[in-house]
1. Please report the antiparallel percentage of DSSP beta bridges with both residues in the range 15-215, rounded to the nearest 5.
2. What is the distance in Å between the Cα centroid of the range 289-354 and that of the range 220-271?
3. So for the range 149-271, considering every pair of alpha-carbon atoms, how many percent are separated by more than 17 Å?
4. Compute the relative contact order of the range 1-158 as a whole-number percentage, counting only Cα pairs closer than 8 Å that sit 6 or more residues apart in sequence.
5. Jot down the radius of gyration and Dmax of the chain, Cα atoms only, both in angstrom.
6. Roughly how many debye, to the nearest 20, is the charge dipole of the chain about its Cα centre, given +1 on each Lys and Arg Cβ, -1 on each Asp and Glu Cβ, and no other charges?
7. Could you work out Rg/(2.2 N^0.38 Å) for the range 261-381, with Rg from alpha carbons only?
8. Tell me, what are the semi-axes, in whole angstrom and largest first, of the equivalent ellipsoid of the range 20-126 as set by the roots of 5 times the Cα gyration tensor eigenvalues?
Amino acid sequence: MADNQQTQLSHPTDFNSFLGNAGAVEHLRTAIAAGRLPHSLILSGPAGAGKYTLALMLAMSVECERQPRDLWSNGLSLAGFCGVCRNCTRIATAFNLADEIDKAVAAREELRETDKKETRVLIQPHPDVLIIPPDPPQLLIKLGQVRSLIHSANYLPAEAPRKIFILTASSFMKEAANSLLKVLEEPPATVHIILLSENPGELLPTIRSRCANVRLGALPVEEIEMLLSDRRPDVPAKQRTLIARLAQGAAGRALNFDLATYTTARADALLFLRQATQEPDHTALFKMTETYRAGAEGQQKTGELLHTFSLLLEDLLLIQSGTPELVRNTDLRPELERIAHSVSFQWIEQASRSLDQVWSGMRRNLLRSLSLDAFSGQLATAR
Ligand SMILES: [Zn+2]
């Protein structure tokens, strides 16, 4: 068991283990080999597309002591990393981002109350590599974090050729974004700032215009299904087909997909749909929304519910627009077809607007069950 866990947690040994988006990866490796990696770079793409994994691989190839190269017959030279030198191994300790964030948050909890407020979550696997995740609980990148970046960027790298900063999301507090903008205007020659984003549209246009943008696209369903049959033969074929579609083109998400959690959340999302399209069963609905409580756990549960609901809405649209073969929730297709024919396009539009409102209510930390009840009310009246 311990051995097995070790294998799963071990870090990627070369770029070949990065799945999909070969063109984008080649482009970045060529730039590194030529010493032309942009000083400010946005890596964008859906959750699970591998933005963070790729960013760490890029960091390893910039900082690697051995600087291995793959030479192609057409004369192209692609940067790689050895994975075993002092720089590579230290950077590689950060591959499990969720664990590193948990550790940093736990360390902050140990501090005195007054210090806690001043301490921002930062991950530093190497003296010259700083990783900045959104700071909990608001999950925004804060001014204190960008100040740490600026402070560190003013010094020359200590042990590696460059200083690398990886911001793992693009949701910023306003002052933090403005502050980052100043560094991006004139980044020091030894600094690379890599900004990961699911939605670059939420960044200030002035930040976007100062960064090179490399997009990681979604993988085709067939490619993910092949990957799953290769890596997860234990999962029944029918479930693999479903997961491949639900992963929305993200290999990482597909490999770690928790189908049980998804179907539980989806059962609740279906209750919302049914009550809006059939005779409403208020008791069942109330019992369900009551199980969504405030706090971190409730927030995650609500997030899963809303995510599954948005996928169901997309499926309804696919059926209405005459492309039912693209439906993601393949196992529910008969019921979704029935619902799709009983609601209008306007209803779906209104439902996705209400969904956005619940999301933003959650960000403002409203009582979860309250906004879910309001949500179901809106769905029923919109019809
Ligand atoms: Zn190395």
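1. 25
2. Each part reduced to its Cα centre gives a spacing of 17 Å.
3. Percent of Cα pairs beyond 17 Å in the range 149-271: 68.
4. 16
5. Gyration radius and largest Cα-Cα distance of the chain: 22.8, 69 Å.
6. 720
7. 1.01
8. 33, 15, 12
No lab work stands behind these numbers, since they all come straight from the coordinates. Bear in mind that the values here come from a model prediction, so they are computed numbers and not experimental data. Every residue, glycine among them, receives a Cβ derived from its backbone with ideal geometry; neighbour counts consider all protein chains shown.
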